[in-house]
1. Just list whichever of Lys165/Lys352; Lys422/Lys453; Lys133/Lys422; Lys177/Lys352; Lys230/Lys267 have alpha carbons separated by over 24 Å in the model shown.
2. Could you give the length gained by full extension between Asp332 and Leu603, i.e. 0.36 nm per residue of separation minus their alpha carbon distance, to one decimal place?
3. Per residue, what accessible area does the chain have, given a 1.4 Å probe and all protein chains present, in Å²?
4. Roughly how many nanometres apart are two label points built 7 Å out from the Cα toward the Cβ at Ser258 and Asp74?
5. Under the 0.36 nm per residue contour assumption, what length would be gained going from the current alpha-carbon distance of Asp311 and Arg14 to full extension?
6. Can you compute the modelled spin-label distance between Phe355 and Ser379, with each label point 7 Å from Cα toward Cβ, in nm?
7. Compare the peptides 430-440, 298-308 by average per-residue count of other Cβ atoms within 10 angstrom and give them in order, highest first.
8. If you rank Glu111, Glu543 by how much accessible surface each has, with a 1.4 Å probe, what is the order from largest down?
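The values are calculated or read from the model by the stated rules, or taken from the named source; none is laboratory data. Remember, it's a predicted structure, so these values are computed and weren't measured experimentally. Cβ placement follows ideal geometry from the backbone for every residue including glycine, while neighbour counts extend to all protein chains displayed. SASA here: full protein model, heavy atoms, side chains in, ligands and nucleic acids out. Shrake-Rupley method; radii C 1.70, N 1.55, O 1.52, S 1.80 Å.
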Amino acid sequence: MSSKRDDSRLGMDRVISRRDFLDGVAASVATAGFSACDTKSATHSNKSAPNPSRLLGDRGHHPGSNVTAHALRDGTFWANAGPTRDTGERYDLVVVGGGISGLAAAIQYREQVGNGARVLIVENHDDFGGHAKRNEFVTASGRTLIGYGGSQSLQTPSYFSPAVKTLLRRLDLDLNKFETDYFDQTWSDRHKLGPAHFFCREQFGNDALVRITDRAADWVPNAPLNPRAKLDLISLIDSPRDYLSQLERGEKRALLASISYATFLTKVARADPQLVRFFQDSTSGYFGVGIDATSALDACANGNPGFAAMDLGRLADPAMSPTGRLAYTDPDPYIYHFPDGNHGLARALLAKLNFRAFPARSMADLVTTAVDYSCLDDSSSSVRVRLQSTVVKVQHRGEVGSAPDVEVSYAGAGRLESVRSKHVILACWHRVIPHIWSELPQEQVQALNDQRKVPLIYTNVLIRNWTALNRLGVNAIHTAGHFWRSAEIDFPVSMGDYRFAESAGDPVLLHMAAVPTMPGLAPREQASAGRARIGTLTFSELERSIRDLLARALVTGGFDPARDIEGICVNRWSHGYAYEYMRPWDAYWPNGPLPIEVARRPLGRIAIANADSGAYAYAHSAMDQAIRAVRELLGTPTGAPAIAPGPGPQIPLFRRAL
């Protein structure tokens, strides 16, 4: 239990930018006054949160966003729903879900049907973009810093499908500019910064920040590990041997696909068990689970040590998960990142759909131009985005095979309303769909329920300067045995008038991540347990743990959380990554049949998109699945793969796009 003295020392009593939501009620925020739209024509005003990106505190699945969906799940919604009012609105397409997949589906549909097609996008959150969340902070000096609160980066564009590459060209996105203009690839080297491990006393007896160098023998002796664990860790990293020398390459791979990395460490490499604790969360950033539920083959792809002398080859193995394949062969640098993460992509999609709401003309404009939220649902626009509205029912009006249209009902602004549409795309999570669409066969319902989102928390912390990190020579902290698995200086990206920090006296955002896991359970069960866990944590508890970790990890650099923290935004994603198939827990992977093949089947005038339908938690998968869904709906060839099956040099351990 914390004391008032401890809370004061950590700065819990300081007034900072952190609590725009109190008990689920939005506090007032400053807004831009002039709107280009006639607000009288906006039959569903989106003015309750004029700039949702400025709302800090408890975000992600922000308070109130899931109340209706949870009532549907629990079977309590319809008892008090009241009558449904027909708005009289008629559309060619209604998209359920305003994330990247939903926005991409709207563009693809209009590309095939014509730009005159009327489209309504219905989203339960107060912003578009879904998991691609933008967080804006205003410093004490009035400077704005932008961070990402969810979907992080465009990973491995070399592996994007032709359809996705075509879509990005239509959006006028030139990813080469990240290589030449936007991403400062020399920033860390120029400032002599590198990664460090933080060992917390709760797990290792003492707090210790240990900077990582090329040779483990140079830094491991400083770690609070037992003598044997130190020797084994040095051996695994600096001089591993072929622990399966008696087997052929194919036999090695098959064995590694059948055991966890935890088992590999203790039973194959025969390393000290303390290293299981040290590496436990090293795989969670990619796979959503720790090393007890990640195959040794996927851990090899992730960059975990112990495999360098085993002659496993450089081609991806089919038994690797899709992310494992990607990580094992990825040819691209990890630099394709907007300051607000993939919200920049969502903004590019919006600019193509509703230029009046978002008049961005260049890639730099995607970062610096303000969205006019009052124009998103303007009746004069052929594409409308209706925020804070949860779809509760989709139903063909008549027999599925001959119905002229679909009725879509949604709850928003204290009322239940409906619209009609010629076509519908469900770009929402798989497990939501059976609760809103009763026409599905039971086999498809079961397949949809197979998908369980992996929970995670992405937090941005505004610090007044990064002097302490500069003194320590550290740009990223990977924690061992702590709730927060990492804390990193944000990506060094400058676009247009938005400039990244250069001097150590400049303010920066620290990005912190937590993936709640429950070692010992199968991956799907870990996701469910982790989701329940983060749902019980209060914002104050999370804030206290953030301040405590940074105070302890950076103390020798002079960091004072009470003085140096200016703002906190916790993006709590109880439903985060799409679950992807992994050996040995999913024995049908990769040969199939795969649950998603049944889950995403179209029916009548309704098709299914979202990254869930690819079982692959990446922005390019979300776009691929949107394109497939539209083509299925309109009877054109799909051209999009079920799962990115390609192979997929290694990426930093703590990177993943939602």
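1. Cα-Cα > 24 Å for Lys422/Lys453; Lys133/Lys422; rest within.
2. Length gained between Asp332 and Leu603: 93.7 nm.
3. 37 Å²
4. Output for this residue pair reads 4.6 nm.
5. 101.4 nm
6. Placing both labels 7 Å along Cα→Cβ, they lie 2.5 nm apart.
7. In decreasing order of mean packing, 430-440, 298-308 become 298-308, 430-440.
8. Glu111, Glu543
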